[in-house]
Amino acid sequence: MKALPSLNRIKAFLSAPGTILLYGLMVLCYQAAYCIVPLRAIIGLSFLHWVSPALAVGGIGLLLLNLMVNPRRLLSRQMLIPWLLMLALCLSTAFNPDRGLTDNIKLILWQGNLMLLLFSACLAWGERDTVQSLPKAAHWLLVGLALLWDGAILWSLVLFFARRYHLVPSVGGVFHQGLFEGRLFGIFTTPYSAALLSFLFALVWSFLAVKHSGWKRLFWWCSVGLAVTMLVLTGTRTVFLGGAFSLFILLWMALRDKQGFTLRGRSLRVSGALAPLLALAAVGCLVLLLWSYTLGLKALAAQSPAVETQGQGDLERPDTHSGDMSNNRFAIWRDYAQVFFDHPEKMLLGYSPQGYMPFIDENYPDLFIVGYFKIKFAYDYENLHTIYAPHNALMAVIMSTGLVGLALVLSLASWLLVRVLRRYARVGLAPEEYVLFGVLLTMAVALMLESDVFFVCNSSSVVFWSSLGLLLGRCKDGKTV
């Protein structure tokens, strides 16, 4: 009879970076499923709604265990900024207890799971291993995530070619489904989340396709093709801009990398003005190719009969032809800036993540960000107590945790850039490091026009903190490619 594992072996397994990485992938799979409206409805109406609290409690348990078993990992100098961000969150909540206190406490617990547990484990994993050495269970979770996303995209494409459109009430609001105002929502909650995750997944799937062979390579390339198709049909300019920028930077760096850019077994290195010109030309060709692909898909869909459940399944997006190409962002930022400067006492620590919207709603009922939601999104305003989101990650951080939070987030970005560029200048970057850097660059640009990574728990925040930890670990001083 085999002996039961000792308590020390169990503790070692639960505190291992690979185990926590698996936990992060499970959270990502759940959050990705929550971005798909039919699955969100099933989760909300069945016993599956307990999965989220179970993951949260399990993460806190792992965090406490790691603090006892392996405190050096969580209390190292590299963890200083995440701990200070957690402190800023706690202080902001403590100084604003009259609005959203319960939701803020839940949020703080989830941020502990992401910013402390997952980030520290990915940091440790990156310092000692490569992405290629992931546990087998992690590879199967990635395959399951790809299958989940591929299925949702295929369902969305059916709605696109049938030109269907309808509204679906589900957990957290009423969602557009199908083709609406020239944008493919499909069965996703928003075209932005579908586009951003599709692009980020396409980067990762491309890396996995290159690393595998046979049917595995075919599977990953098919997943890339579906992700790119979903991206172009969402019409999400924010992600297009972020993706084009990140690809340009990555190609520029690859062409000047000390390791050289490998093309058919030969190393190609260029310098000076030629590298950015070649990178710009490559990205320009890719954009033209995607634009032609989009036109072809729309022409094909236009030949299909329009089957409309509700509303109009138009193939044109009207806001791209209006005078305000920012899609109301200038007005949104102006209103939030007014609220911020009207209250100097809140500039240091903000209003808390769940407190600034109720504060604005109570004290600024005539602002555009309040009135717009009262009229156009009455359900969200009345039932979810939300107003127009900041649509800028830094603005959301300022409103949540004030100038203290902003300084910490900018310090985090500076730390990343210094470490990556120092490694790049010394020994160059490995392929997986380019992928991780591309993920973070895309999110950095996109989040200047959106606001859903910091102080939330969703698929984007899981990708952000895990990618950040892995890349910082990989780019630790003294490591070689």
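The values are calculated or read from the model by the stated rules, or taken from the named source; none is laboratory data. Keep in mind that this is a model prediction, so the values were computed, not measured. Heads up, the Cβs are rebuilt from the backbone with ideal geometry, glycines too, and the neighbour counts pull from every protein chain shown.
Observations on the structure shown:
- A single member of 150, 129 is modelled with pLDDT under 80 and charged (D, E, K, R), and it is 129.
- Residue within region 435-450 that is surrounded by 24 or more Cβ atoms within 10 Å (Cβ to Cβ), assigned to a loop (DSSP other than H, G, I, E, B) and touching a residue at least 60 places away in the same chain (Cβ under 8 Å) present: yes
- Of the residues 247, 278, the single one that is at pLDDT 90 or above and under 22 Å from residue 442 (Cα atoms) is 247.
- Scanning region 16-52 for residues that are of a type in the set (Ser, Thr, Tyr) and surrounded by fewer than 20 Cβ atoms within 10 Å (Cβ to Cβ), we see that the one that is farthest from residue 152 (Cα to Cα) is 19.
- Region 211-225: number of residues that are surrounded by 14 or more Cβ atoms within 10 Å (Cβ to Cβ) and either in a loop (DSSP other than H, G, I, E, B) or in contact (Cβ under 8 Å) with a residue 12 or more places away in the chain (or both): 8
- The set of residues from region 384-428 being more than 20 Å from the chain's Cα centre (by Cα), assigned to a helix (DSSP H, G or I) and among the hydroxyl-bearing types (Ser, Thr, Tyr) comprises 401, 424.
- Selection status of residue 159, surrounded by 21 or more Cβ atoms within 10 Å (Cβ to Cβ), in a helix (DSSP H, G or I), at pLDDT 85 or above and not aromatic (Phe, Trp, Tyr): yes
- Unmet criterion (only one of (1) more than 30 Å from residue 83 (Cα to Cα); (2) surrounded by 13 or more Cβ atoms within 10 Å (Cβ to Cβ)) for residue 376: (2)
- Among the candidates 64, 84, residue that is surrounded by fewer than 18 Cβ atoms within 10 Å (Cβ to Cβ) and touching a Ser or Thr at 6+ places or on another chain (Cβ under 9 Å): 84
- Selected residue [modelled with pLDDT of 90 or more and under 30 Å from residue 393 (Cβ atoms)] from 230, 253: 230
- Test: residue 351 is among the hydroxyl-bearing types (Ser, Thr, Tyr) and either assigned to a helix (DSSP H, G or I) or more than 20 Å from residue 456 (Cα to Cα) (or both): no
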